[in-house]
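Have a look at the structure below, then the notes.
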2 protein chains.
Amino acid sequence: MSSNSEIDALIDLMAKLPGLGPRSARRAVLHLIRKRALLLTPLSDAMQQVAATARECLNCGNVGTTDICDICNSEDRATGELCVVEDVADLWAMERAGVFKGRYHVLGGTLSALDGVGPDDLRIPRLRDRVTAENITEVILALNATVDGQTTAHYIADQLEGQVRLTSLAQGVPIGGELDYLDDGTITAALRARKEL
Amino acid sequence: MSSNSEIDALIDLMAKLPGLGPRSARRAVLHLIRKRALLLTPLSDAMQQVAATARECLNCGNVGTTDICDICNSEDRATGELCVVEDVADLWAMERAGVFKGRYHVLGGTLSALDGVGPDDLRIPRLRDRVTAENITEVILALNATVDGQTTAHYIADQLEGQVRLTSLAQGVPIGGELDYLDDGTITAALRARKEL
């Protein structure tokens, strides 16, 4: 669209990023060209760096720059608690909250009969090994509150029953949430799990 | 947030792109890491290429990889018509429509008393020179239908009055537009400029 093949190639690649379409990709590329020294060159360098160094932790599936990630390497985090999440983005969200001091296990997705994803396509066999090898006493299932997420949570609970304490994140009204804007399922869950004041 | 400085640096830079915030930047970076060979490396290379070659056309302000852009270089486009736009993105939008066969002049913004942008901060003096040098017969003011855009159009019209034919893009109902969703200003403009069937 810019009558220029290099710039068009960059726009096409940018448009493949999640959250960007052709229009926002064009806008981003023009912004990058205007801020060449401040943004375009540093961004290109940072991407090269990450392309060269990023890898999945062989133990938990977190993304980092070492074979075993910082969390798995840290002795401080060997609390016996293991938090199971679907995705690296979920692990990062937990870390931002900064309240969980144990280790993680990233499944890499959820079981899905529709998409043909079985237990061996996820990091579920590895989870069983870790529970034994790392003296895990509690497995916290922090899976998304979707149908596939909850199916996966039940499957894992079945597999590990009797070996460790199994817990899941509480469901209820989010902090700052207004009842009027909540769906029926959330209100039902919050009412069922109501607490004494 | 990823407990890793290289990846965090990339996320921070991505979050500076227009249309991306911290959350979508994290999502984009995870996507890039997953599609390393298909997307991350090609994107980094394309950025480097553009950083090294992109420049503004000395004549019209278009972005390209040569000192004088393809449009200004093409003799076919010396039709005597000059289309004045605010921004390179507007030039690209006109080119996508594919209907204008003349040349462009990119102002690089609009006059704005509030932001202290005067005629000499834009490519307005250069526009006057081009009208003479390139035997321009018609200047089409394709500025945005905003207050600043229209102020700038009036200023340019004052400057060039008597030298060339001055026109502006028609205002009215957009193709596919529904009256119910249009603002009063557009409906007023469309009614005033009504045409015989």
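The values are calculated or read from the model by the stated rules, or taken from the named source; none is laboratory data. Remember, it's a predicted structure, so these values are computed and weren't measured experimentally. Every residue, glycine as well, gets a Cβ built from its backbone with ideal geometry; the counts of neighbours run over all protein chains shown. To get the accessible areas, we keep the full protein, side chains included, count just its heavy atoms, and leave off ligands, DNA and RNA. Shrake-Rupley method; radii C 1.70, N 1.55, O 1.52, S 1.80 Å.
Side notes on the structure shown:
- Helix A:88-97 vs. chain A, principal-axis angle (Cα, 0 to 90°, nearest 10): 70
- Buried between B and A is an accessible area of approximately 4800 Å², summed over both sides with a 1.4 Å probe.
- Innermost chain A residue relative to the axis carrying A onto B, by Cβ distance in angstrom: A:Ser44, 3
- Percent of Cα-Cα distances greater than 30 Å, calculated over chain B: 41
- Label zone at B:Ser112, where the point sits 7 Å out along the Cα-to-Cβ direction: segment A:20-42 residues whose backbone N lies under 16 Å: A:31
- Pairwise centroid distance, computed over Cα atoms, of segment B:104-137 with segment A:80-108, Å: 55
- Annotation for A:Ala170, label-to-label distances across the other copies: 6.4 nm (shortest first, one decimal, point 7 Å from Cα along Cα→Cβ).
- Rounded to 10°, Cα long-axis angle of helix A:147-160 versus longest principal axis of chain A: 50
- Label-point distances for A:Ala97 to the equivalent site in the other copies, using a point 7 angstrom along Cα→C-beta, read 5.1 nm when ranked shortest first.
- Expected-Rg normalisation [2.2 N^0.38 Å, Cα atoms] applied to segment A:63-168: 1.02
- Helix A:124-133 vs. chain A, principal-axis angle (Cα, 0 to 90°, nearest 10): 60
- Centre separation in Å (Cα based) which lies between segment A:50-69 and segment B:14-57: 20
- Only one residue of B:Ile68, B:Gln48, B:Val88 has its Cα farthest out toward the positive end of the dipole of segment B:33-99, where Lys and Arg carry +1 and Asp and Glu -1 on Cβ, and that residue is B:Gln48.
- Considering only B:Asp184, B:Asp90, B:Asp45, the mean-square fluctuation computed in a Gaussian network model of chain B, springs between alpha carbons under 10 angstrom, is largest for B:Asp184.
- Cα convex hull, the protein assembly as shown: 229 Å³ per residue, rounded to a whole number.
- Magnitude of the charge dipole, segment B:80-168, Cβ model with Lys/Arg +1 and Asp/Glu -1, debye to 20: 320
- Label-to-label distance, A:Thr66 versus B:Arg23, with points set 7 angstrom from Cα along the beta-carbon direction: 3.2 nm.
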